[in-house]
1. Among the helices (runs of 4 or more DSSP H) contained in region 9-118, which hold 1 or more residues that are closer than 22 Å to G151 by Cα?
2. So which of W43, W53 is more than 20 Å from A163 (Cα to Cα), surrounded by fewer than 24 Cβ atoms within 10 Å (Cβ to Cβ) and aromatic (F, W, Y)?
3. Which residue out of G177, G170, G187, G151 is buried (at least 16 other Cβ atoms within 10 Å of the Cβ), among the small types (G, A, S) and within 14 Å of the chain's Cα centre (by Cα)?
4. Quickly run through region 167-184 and pick out the residues that are touching a residue at least 40 places away in the same chain (Cβ under 8 Å) and in contact with a helix residue (DSSP H, G or I) (Cβ under 8 Å, 6 or more places away or on another chain).
5. Scanning for something farther than 27 Å from A66 by Cβ, hydrophobic (A, V, I, L, M, F, W, C) and part of a loop (DSSP other than H, G, I, E, B), does region 155-177 turn up at least one residue?
6. May I ask you to list the residues in region 119-138 that are in contact with a helix residue (DSSP H, G or I) (Cβ under 7 Å, 6 or more places away or on another chain), farther than 13 Å from I150 by Cα and assigned to a loop (DSSP other than H, G, I, E, B)?
Amino acid sequence: MKIAIIGKGNVGQALAGGLSKAGHEIRFGTKEPKEPVKEAAEWAEVIILAVPWTVHKDVANALGTAVDGKAVVDVSNILTSSFELALGFTTSGAEELQKLLPKSHIVKAFNTVFAQNMKTGRLGGERLAAFVACDDDGSKKAVQKLAEDIGFEAVDAGTLKSARYLEPMGMINITLGYGLKMGTGIGLRLVKGE
């Protein structure tokens, strides 16, 4: 699959590594003139936004109609500068992004995983969960497949409204890792009984 990753930080690089290893084609879109955001999105079948949520509006403006009808994966955590949850329970960053890109299919995924674990979807010998929420079934299934290709256990988390709960899950991961000093060598997994 052709995947555009908007943003080249730790998250973008880690997802690119995992997806490349699985055989997917990757193109970055950045602020750099040689890697235009819109051009990368036009080329891609799936677009991953690996940027802070505070720049979603700017990125949406740069993408324009290049993402119409395509899956756009929001991996951001919706934090204030003091690492508090900025939105919650009546909307989510992903739902607000859907308003900015109304003809795309926003998918919330990968925000509950530290960047260092995104390359393999594993921690130690355990597969981590990649919770995937979207209103469009085809887009959700495509992103679940990408998560599985990396090595995650993809979990259908329902409609995009579930991003209201996934974003606080990302926050608890950050709180455990940084606030309570457990470090980034931790992750979330869904355990099912028989």
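Rule-based calculations on the coordinates, nothing more; no lab input. Remember, it's a predicted structure, so these values are computed and weren't measured experimentally. Cβ coordinates were reconstructed from backbone atoms using ideal geometry, including for glycine residues, and neighbour counts include every protein chain displayed.
1. Values: elements: 10-21, 37-43, 56-63, 93-100.
Result: 10-21.
2. Details: W53 fails: more than 20 Å from A163 (Cα to Cα).
Just a single option satisfies the conditions, and that option is W43.
3. Result of the check over G177, G170, G187, G151: G170.
4. Selection gives E167, T184.
5. no
6. Residues of region 119-138 that are in contact with a helix residue (DSSP H, G or I) (Cβ under 7 Å, 6 or more places away or on another chain), as a first pass: 119-121, 123, 128, 130-135.
This time we only want the ones that are farther than 13 Å from I150 by Cα, so: 131-135.
Correct list: D135 only.
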